[in-house]
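Notes for the one structure printed next.
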Amino acid sequence: MATEVLMPALSPTMEEGTLAKWLVKEGDTVSSGDILAEIETDKATMEFEAVDEGIIGKILIAEGTEGVKVNTPIAVLVEEGESADDVASSAPAADAAPAAEAAPSAPAAPKGPVEVIVPEEQDIPEGTEFKSMTVREALNSAIAEELRRDEGVYIMGEEVAEYQGAYKITQGLLDEFGAKRVIDTPITEHGFAGVAVGSAMAGLKPIVEFMTFNFAMQAIDHIINSAAKTLYMSGGQMGCPIVFRGPNGAAARVGAQHSQDYAAWYSQIPGLKVVMPYSAADYKGLFKTAVRDPNPVIFLENEILYGKSFDVPVLDDYTVPFGKAKIWREGTDVTIVSFGIGMTYALEAADKLAAEGISAEVIDLRTLRPLDKDTVIKSVMKTNRCVTVEEGFPVCSIGNHISSILMQEAFDYLDAPVINCTGKDVPMPYAANLEKLALVTTDEVIDAVKQVTYR
Amino acid sequence: MATRKNPAKPNVSAEELLEYYREMLLIRRFEEKAGQLYGMGLIGGFCHLYIGQEAVVVGLEAAASEGDKRVTSYRDHGHMLACGMDAKGVMAELTGREGGYSRGKGGSMHMFSKEKHFYGGHGIVGAQVPIGAGLAFADKYLGNDRVTFAYFGDGAANQGQVYETYNMAQLWELPVIFVIENNQYAMGTSVARSTKSPALWKRGEAYGIAGQEVDGMDVLAVKEAGEKAVAHCRAGKGPYILEVKTYRYRGHSMSDPAKYRTREEVQKMREERDAIEHVRELLLSGGHATEDDLKAIDKDIKAVVNESAEFAKESPEPALDELYTDIYAKELPAGQEA
């Protein structure tokens, strides 16, 4: 019986990949464990092995094909004397056009769809060229540019050098800058965070990569007690210019210990600056600002965003200042405040709400400490309603903090209580359906907006 | 406790001996004064005195060169005085005044001096060990031939981060001297009650780090071992461990009733092994100084200490707006750029 060989998922977040190279050809006999092809994921190039024995009856996806969705049939394996056409359905299912989305039902709101207004970029000179880049590429180029700019900058972490980065963020850096400045560490977060802090006190500017921020809990004493407090405890004599960076929050299906958002944790600490970007341009501009900042900076990234593309301005030295939120779209009915991957839900909700005649202003905080409360307050003074969106836990969340600010500083402008959309108050479950339920969803944001706008 | 290794024929000049005497005595008198001010309510919080351990820092500072760095735990007053920080600034920090090294915002456990390459003063047991290796990392990165002294106690020697640091320090051949000040008690727990392997320096062997035990009540033995360690580091051979056997006469902190050891034990150490008394004997028996000379030194030191106490009492409390300064730097503090 002929069987289909399907495009494999080779990482927790992989949805598609490039079929880089076939290592077998039609007619070849393969047995279990033989390498069939090389597949490039967003993280690495992996060899793909045969599970079953048989003859390669037909190759369905040519090598070099990009964007092959997971589970797409890529080849047909036949037995002696069989034909590849014996496969019941060799039509690549994933290629089938998705069923056209049901036309939105007539909006309940009396007015029709609202116009989407995207404000002009403030800090980018007119006529600047933009280039589409993934967050990963933007971050990689930002690190490289800062390493080039200042000899005192180095990057340290697990697998940052020879492995080229567990998430490929540091790809190519070892080749350009050498082992003195791109340093593989043993698996010893507590220790190397302390070493990096000491080197910063002595004048270097370390970039510390945590493979994920979950592992930084081992190092949190040095981040908070050693890095954040030294300037104060030394009466301003001793600073600690250091960037702690790495993926934060949930990836996909990695369970409770690998799926935590630390935005609220670090934002509580005086002496730290906390950055959590959404777009590739902000990843780039804010990272460069982080390296140049004379204070310890927590730079919270997101694994799911790494592969997402955005337009990034083509400028020699693009930086984005801390403490300035970005308004992604203007609106009049409600203010949606978010940051990091939360922006995905915020913007998606705003789109759907626009179709229903609700005009949402969407603010990306970008940095959580310092926090641009003026932009939030100004927006709420206009819309009189606010919903916050984040993936972190609900108790003592960033949203709670925004609510408190609004209550104290814009109370008279609020026409409804602020609603905080957050991750649920549970450790992250592994099961796919439960994980989906544990994270914040676009529908929850839409429901919250409807509540505060009394629709 | 190791027996005294240096007989009465030290290979050291009279001037040097006198200098060690002066420095150790300064630490002791300073600490006694600090204890007194604590009793008067002028110093608050935790205050960990260095009395009994003076030969450790004074011996190692004698082996250091200009530009070498040091970092230690919260029992840090002795280290600051020994590296040349001003007694007035240290005492005023203890009283939480504007004239203190951290303008009153750090306290006994958190003081720094960039000028003297003193990197704290750390309140978390063991945290200074990777930080010390990080200072050495920077020196190696910059290629400036400096070494770092990272001091910690027998208690910190059981912290996991110490061993994470040993591994990296040896792997990267960092010029750091790990100084274990083994005063035999981690707060109230004796070494014997906290570890089955009491030769703490030998734990470095697992990482390939050279080291040795030193009699910490003998300033000359400490200096000699320090010189060996410094030479090892400066030759690019990586880290070195010194386990310095010492003894603290006072409690862990001012609030420690010290029920975990007998009065007799402390008394015996004071009478038989006191490091200052040792140098005093060497000076007198070697004909390097007379009783009158030493009395004059005592008097000078008393004056320095009294002056520091007066300064610490009279210096005003920090201005209230200091509450919100030094949380974030606008630029790197002066002199920090490598």
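Checking the conditions here, which among B:ASP326, B:ASP321 is modelled with pLDDT of 95 or more, within 14 Å of chain A (Cβ to nearest Cβ), more than 25 Å from the chain's Cα centre (by Cα) and at positive phi? Selected residue: B:ASP326, the only one of B:ASP326, B:ASP321 that is modelled with pLDDT of 95 or more, within 14 Å of chain A (Cβ to nearest Cβ), more than 25 Å from the chain's Cα centre (by Cα) and at positive phi.
Taking the range A:27-64 as the range and being of a type in the set (S, T, N, Q), within 12 Å of A:GLU79 (Cα to Cα) and touching a residue at least 24 places away in the same chain (Cβ under 8 Å) as the test, only A:THR29 passes. Among the residues of the range B:246-301, the one identified as at positive phi and exposed (fewer than 12 other Cβ atoms within 10 Å of the Cβ) is B:GLY287.
Of all residues in the range A:126-146, those that are within 29 Å of A:PRO241 (Cα to Cα) and not in a strand (DSSP E or B) total 12.
In the range A:36-82, counting only strands (runs of 3 or more DSSP E) that sit wholly within it, the ones holding 2 or more residues that are within 36 Å of the chain's Cα centre (by Cα) span A:45-49, A:65-69, A:73-78. Scanning the range A:152-163 for residues that are touching a residue at least 24 places away in the same chain (Cβ under 8 Å) and either of a type in the set (A, V, I, L, M, F, W, C) or part of a loop (DSSP other than H, G, I, E, B) (or both) returns A:GLY152, A:VAL153, A:ILE155, A:MET156, A:GLU158, A:GLU159, A:VAL160. Cβ separations smaller than 6 Å between residues 6+ apart or across chains give the following pairs from the range B:133-157 residues that are within 12 Å of chain A (Cβ to nearest Cβ) to residues that are among the acidic types (Asp, Glu) and outside any strand (DSSP E or B): B:ARG146/B:ASP68; B:ARG146/B:ASP139. Show the residue pairs meeting these rules: Cβ distance below 7 Å; 6+ apart or different chains; first residue within the range A:425-437 and part of a loop (DSSP other than H, G, I, E, B); second residue surrounded by 10 or more Cβ atoms within 10 Å (Cβ to Cβ) and basic (Lys, Arg). As it stands, the answer is A:TYR430/A:ARG253, since those pairs meet every condition given. Summed over the range A:218-261, residues that are surrounded by fewer than 22 Cβ atoms within 10 Å (Cβ to Cβ) and more than 14 Å from chain B (Cβ to nearest Cβ) total 9.
Among the residues making up the range B:100-132, a single one is more than 8 Å from every other protein chain (Cβ to nearest Cβ), closer than 18 Å to B:GLN336 by Cβ and crowded, with 22+ Cβ neighbours inside 10 Å: B:PHE118. Screening A:ASP316, A:ASP293, A:ASP311, A:ASP333 for residues that are surrounded by fewer than 17 Cβ atoms within 10 Å (Cβ to Cβ), touching a strand residue (DSSP E or B) at 6+ places or on another chain (Cβ under 7 Å) and not β-branched (Val, Ile, Thr) leaves exactly one candidate, A:ASP311. Among the candidates A:GLY194, A:GLY203, the residue that is facing chain B (nearest Cβ under 9 Å), surrounded by fewer than 24 Cβ atoms within 10 Å (Cβ to Cβ), within 17 Å of B:GLY132 (Cβ to Cβ) and small (Gly, Ala, Ser) is uniquely A:GLY203.
The values are calculated or read from the model by the stated rules, or taken from the named source; none is laboratory data. Everything numeric in this text was worked out from a predicted model, so none of it was measured. Reconstructed Cβ throughout: ideal geometry from the backbone, glycine too, with neighbour counts over all protein chains shown.
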